[in-house]
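Written out below as C-alpha cells is the structure these notes cover.
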Amino acid sequence: MTESGKPILYSYFRSSCSWRVQIALAFDYETVPLNLIKDGGQQFSEEFRALNLMQQVPALKIDGITIGQSLAITEYLEETWPTPRLLPQDLKRRAQVCVISDVIARGVQPLQVWLWTCTPAHLWCASPHVLLPLDTRGM
C-alpha cells in the first residue's frame, strides 16, 4: 500500500486479467502501469520481481501483502472488503460464478491470448481446422 494507505495495482492496459481486478476494485486505489512489451517486458525488472516472483500482471499490493492472479485477488477482496459484494452469498450461485470465472481464466483466455499473438504471417493458427481439434480435445 502507498503512504496514503491505498492499495497498489500493477497492471497492463491490454491485460484482461488486470481489467477483472480493476472492475472488482470498487474503492480508491493507485495503479502502476507495466508495459509487457517495452524494454523486453517491464514485468521482468528486478523491482517487480521482488514484489511478484511470477512476474505477471495483475499484482495487487494490499494489507501488507502482494497478491498475483486475478481470481485470487478478487477472492481476497470479497473476503476482506465485503462491500460491495463481488460474489453471491448463496453457495450454489457462488459455485456457478466460480465455474464461469474459472472457464474464462483457464479455458477461454489462454486461447484468446494465443490467437491474439498470431502474426499475419501465421494466420493459419486461427483457422477452423486448428480450432475444431482444440475444441474437441476439451481445451
> Rounded, prolate or oblate: which fits the stretch 33-111 when a ≥ b ≥ c are the square roots of the eigenvalues of the alpha-carbon gyration tensor, with rounded for a/c under 1.5 and prolate only if a/b beats b/c?
Replying inline: oblate
> Among rounded, prolate and oblate, which fits the stretch 1-67 when a ≥ b ≥ c are the square roots of the eigenvalues of its C-alpha gyration tensor, a/c under 1.5 means rounded, and a/b larger than b/c means prolate?
Replying inline: oblate
> In terms of modelled amide H atoms, which long-range or inter-chain residues lie less than 5 Å from the amide H of THR31?
Replying inline: LEU9
> Ranked by accessible surface with a 1.4 Å probe, highest first, in what order do CYS17, CYS98 come?
Replying inline: CYS98, CYS17
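The values are calculated or read from the model by the stated rules, or taken from the named source; none is laboratory data. It should be emphasised that the depicted structure is a prediction, and the values quoted were computed from it without experimental measurement. All accessible areas refer to the heavy atoms of the entire protein, side chains included, with ligands and DNA or RNA removed. Shrake-Rupley method; radii C 1.70, N 1.55, O 1.52, S 1.80 Å.
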